[in-house]
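For reference, the structure discussed in these notes is given below.
The values are calculated or read from the model by the stated rules, or taken from the named source; none is laboratory data. The shown structure was predicted, so the numbers you read here are calculated from the model rather than taken from an experiment. All Cβ positions, glycine included, derive from the backbone under ideal geometry; neighbour counts span all protein chains shown.
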């Protein structure tokens, strides 16, 4: 059941009852991140036209040590966007094109036998794969068999790779951006829900507007091309990731995130008309964790050191759209997961009471 409790009104920002004082050094880092975010957007805009919300979600995922799945048809600049962001953050970038014949060792690495030039004795050495990087772009992740998908997703979760009898730690920061074509599904291996759940965000990359497409054509068909410059270092990014974890969150905001996720579960929450009849399975508690954690990252990027209700609502779609499993009624009525999330936000206000039944 969704609890009926009273919370702050939607007009007032939610602040912790006992808000920890922000240390001077942390305040300086928050200001630094705010300035760096503005510079990152400025540098990315030299190469990427529009897509500001996508860039924000990519940055939030990186700051929260999560991973992002990008959905979009070919030609929308997903690869260029990831490469440009890695360049602005001065991160080592590698791209793997996933194909049906790709093996797990092709991305994780493998043990090879080499001869010692001095002793002429053979020894086993580990040859790292492309996963040993800071920023990995897994292009068309649904085109490789489940065995290879599982090898990548295990590294995403554990931040380590097991080859033979040895376990190799990945260097930090480690960030995976995977792409997927939502239209062409022939000859693909769709990720199961349990593996989709490992991605913090599921972000849909939309077509550009006419004006944006005009700018894209002008910028890519001439002799002068934009180039992004580095803004942050890997060491600074690790410090910012620690800072994001320390952002305080009011209990009311955490409860609202939990109630929003719980309302997506037909078997445990109050039945909500026009929502639950379309849902086969609701989101797991990992969705609540990522809503709050993502809210921290969004607040920091906005220069705030507290999470608001609006942060939870703004991230509800990318967090929930791949965690809610729809049934045949949704397909028959043309209702997608984004529409379900929109109805959940309307049905679960800040006091946790559904507006319809």
Report task. Kindly list the number of the only condition in (1) over 18 Å from the mean Cα position of the chain (by Cα); (2) at pLDDT 80 or above that fails for residue 177. Result -> (1)
Query - Members of region 76-103 found to be touching a helix residue (DSSP H, G or I) at 6+ places or on another chain (Cβ under 9 Å) and closer than 25 Å to residue 217 by Cα, listed by number - result: 77, 78, 81, 82, 84, 85, 87, 88, 95
Requested in this report: For region 93-110, indicate whether the set of residues that are without any contact (Cβ under 8 Å) to a residue 24 or more places away in the chain, assigned by TED's automatic domain parsing to the domain that holds residue 39 and either part of a strand (DSSP E or B) or in contact with a strand residue (DSSP E or B) (Cβ under 8 Å, 6 or more places away or on another chain) (or both) is non-empty.
Outcome: no
Query raised in the report: From the residues in region 137-166 that are touching a strand residue (DSSP E or B) at 6+ places or on another chain (Cβ under 8 Å) and over 19 Å from residue 195 (Cβ atoms), which one is surrounded by the most Cβ atoms within 10 Å (Cβ to Cβ)?
Result: 163
Query raised in the report: In this structure, does residue 136 turn out to be in a strand (DSSP E or B) and under 19 Å from the mean Cα position of the chain (by Cα)?
Result: yes
Query raised in the report: Tell me, which residue of region 275-291 that is under 16 Å from residue 63 (Cβ atoms) and buried (at least 22 other Cβ atoms within 10 Å of the Cβ) is nearest to the chain's Cα centre (by Cα)?
Result: 290
**Report entry** Test for residue 134: is it assigned by TED's automatic domain parsing to the domain that holds residue 192, within 13 Å of residue 102 (Cα to Cα) and either at pLDDT 90 or above or in contact with a strand residue (DSSP E or B) (Cβ under 7 Å, 6 or more places away or on another chain) (or both)
**Finding:** no
